[in-house]
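The values are calculated or read from the model by the stated rules, or taken from the named source; none is laboratory data. Note that the structure is a prediction, hence the values are computed from the model and not measured. Note: ideal-geometry Cβ built from the backbone for every residue, glycine included; neighbour counts use all protein chains shown. When the accessible area is computed, the model is the full protein with side chains, heavy atoms only, and any ligands, DNA or RNA have been set aside. Shrake-Rupley method; radii C 1.70, N 1.55, O 1.52, S 1.80 Å.
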Amino acid sequence: MASYSANMNVMMGAARKAAVRLKRDYGEVDQLQVSRKGPADFVTAADIRTEKILREELGRARPDFGFLMEESGEEAGSDAAKRWIVDPVDGTTNFVHGIAHFAISIALEEDGELTAGIVFDPINELMFSAEKGAGAMLNDRRIRVSARQSLAESLFATGIPFKGRKGQDNFLPAMEAVMNHSAGIRRFGSAALDLAYVAAGRYEGYWENGLQAWDIAAGIVLVREAGGLVSEVNGGSGMLSSGSILAATPALHGTLGNLVRRGEP
Ligand code: IPD
Ligand code: CA
Ligand code: CA
């Protein structure tokens, strides 16, 4: 049996608790698909409800820590050095459309550094977790990034910038370059799970622009602890503030960056 630090147990416990209600809500959203009004308002309510449970659970266990949460924003803690970064439902568009690919994402930031993260897919009961220096896990088993070296055999994930999102100008050339040299590209609609899948060796890499800190904070810890490399698409290290990310195996990080930036490996 794997053993986790106290903070990791707090994060996993909060996610599991919030997931009970979220799963029930997802079951109802499936029913709502047929109504003409659509499930959008209901889903916003599910997002807010999930965040509230996470806020309560994390706050009860660590009353001094601050928060950065998607729905309720920033909240300072009495311990200014520590905060939780939370996305209650990453993959909301999937959730609304009855597609079972979404996750709860929680990261811990200490003194400006990401030190722990969990990404929990409640439908498939997949708990991806990682803590700085302790490696990355999927349901208590150690995970590592893929060992595949060949670009032609590699599978990549991305996010397609939708209406009003940054990064639309450069997206198609980048995708064309990656698609011409790789085994394929996936767009499954949850940045947190995209990063978790890189950590688990399912994708060799992932890139996206126009994201928010809560989409990627936990996933960054996962990929790093699984032995992968994470940067901005331009190679910089300000992913949380710019929302630009490129994560891949050590063998392919440079190559994926070249493809995305200049169209050649
Ligand atoms: C979204 C997902 C998606 C990404 C979007 C994000 P949300 O988060 O991570 O994969 O492409 O840019 O906004 O809105 O479902 O929490
Ligand atoms: Ca998100
Ligand atoms: Ca969200």
**OP:** List the strands (runs of 3 or more DSSP E) that sit entirely inside the range 102-184 and contain at least 2 residues that are at negative phi, surrounded by 14 or more Cβ atoms within 10 Å (Cβ to Cβ) and in contact with a helix residue (DSSP H, G or I) (Cβ under 6 Å, 6 or more places away or on another chain).
**Re:** 103-110, 113-121, 126-131, 155-158
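Yes/no per residue for (1) under 18 Å from residue 176 (Cα atoms); (2) in contact with a strand residue (DSSP E or B) (Cβ under 6 Å, 6 or more places away or on another chain); (3) without any contact (Cβ under 8 Å) to a residue 12 or more places away in the chain:
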{"position": "223", "(1), (2), (3)": "no, yes, no"}
{"position": "238", "(1), (2), (3)": "no, no, yes"}
{"position": "241", "(1), (2), (3)": "no, no, no"}
{"position": "252", "(1), (2), (3)": "yes, yes, no"}
{"position": "263", "(1), (2), (3)": "yes, no, no"}
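Would you confirm, using the coordinates I've provided, whether residue 261 is modelled with pLDDT of 95 or more, surrounded by fewer than 22 Cβ atoms within 10 Å (Cβ to Cβ) and under 18 Å from residue 103 (Cβ atoms)?
On the way: modelled with pLDDT of 95 or more: yes; surrounded by fewer than 22 Cβ atoms within 10 Å (Cβ to Cβ): yes; under 18 Å from residue 103 (Cβ atoms): no.
No; evaluated as a whole, the condition is false for this residue.
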**OP:** Please identify the pairs in which a residue from the range 83-105 that is of a type in the set (S, T, N, Q) has its Cβ atom under 6 Å from the Cβ atom of a residue that is within 10 Å of ligand 1 (Cβ to nearest atom) and part of a strand (DSSP E or B), counting only partners at least 6 apart or on another chain.
**Re:** 105/87; 105/90
Original post:
Which of the residues spanning the range 193-235 are within 16 Å of ligand 3 (Cβ to nearest atom), farther than 20 Å from residue 133 by Cβ and among the small types (Gly, Ala, Ser)?
Top reply: 210, 213
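Somewhere in the range 79-86, is a residue open to solvent by less than 10 Å² (accessible area, probe 1.4 Å), touching a Pro at 6+ places or on another chain (Cβ under 8 Å) and part of a strand (DSSP E or B)? Break it down into steps so the answer makes sense when it comes.
Taking the range 79-86 as the starting set, the residues that turn out to be open to solvent by less than 10 Å² (accessible area, probe 1.4 Å) are 84-86.
Cutting the leftovers down to touching a Pro at 6+ places or on another chain (Cβ under 8 Å) gives us none.
So far as the range 79-86 goes, no, none of its residues is open to solvent by less than 10 Å² (accessible area, probe 1.4 Å), touching a Pro at 6+ places or on another chain (Cβ under 8 Å) and part of a strand (DSSP E or B).
Hey, among 54, 68, 22, which residue is within 16 Å of ligand 2 (Cβ to nearest atom), at pLDDT 90 or above, open to solvent by less than 80 Å² (accessible area, probe 1.4 Å) and assigned to a strand (DSSP E or B)? If you could, list the steps in order and put the result at the bottom.
On the way: 54 fails: assigned to a strand (DSSP E or B); 22 fails: assigned to a strand (DSSP E or B).
Of the residues listed, the single one that is within 16 Å of ligand 2 (Cβ to nearest atom), at pLDDT 90 or above, open to solvent by less than 80 Å² (accessible area, probe 1.4 Å) and assigned to a strand (DSSP E or B) is 68.
Can we say residue 94 is of a type outside the set (A, V, I, L, M), open to solvent by 10 Å² or more (accessible area, probe 1.4 Å) and closer than 16 Å to residue 18 by Cα? Talk me through it step by step, then tell me what you get.
On the way: of a type outside the set (A, V, I, L, M): yes; open to solvent by 10 Å² or more (accessible area, probe 1.4 Å): yes; closer than 16 Å to residue 18 by Cα: no.
No: the conditions fail for residue 94.
Give the residue that is nearest to residue 90 (Cα to Cα), with candidates limited to residues of the range 205-237 that are small (Gly, Ala, Ser) and surrounded by fewer than 24 Cβ atoms within 10 Å (Cβ to Cβ). Full working, then the answer.
Start the filter on the range 205-237 by keeping residues that are small (Gly, Ala, Ser), which leaves 205, 210, 213, 217-219, 226-228, 231, 235-237.
Add one more test, that the residue is surrounded by fewer than 24 Cβ atoms within 10 Å (Cβ to Cβ), and what stays is 210, 213, 227, 231, 235-237.
Details: 210: 14, 213: 12, 227: 23, 231: 20, 235: 25, 236: 24, 237: 22 Å.
Among those that are small (Gly, Ala, Ser) and surrounded by fewer than 24 Cβ atoms within 10 Å (Cβ to Cβ), it is 213.
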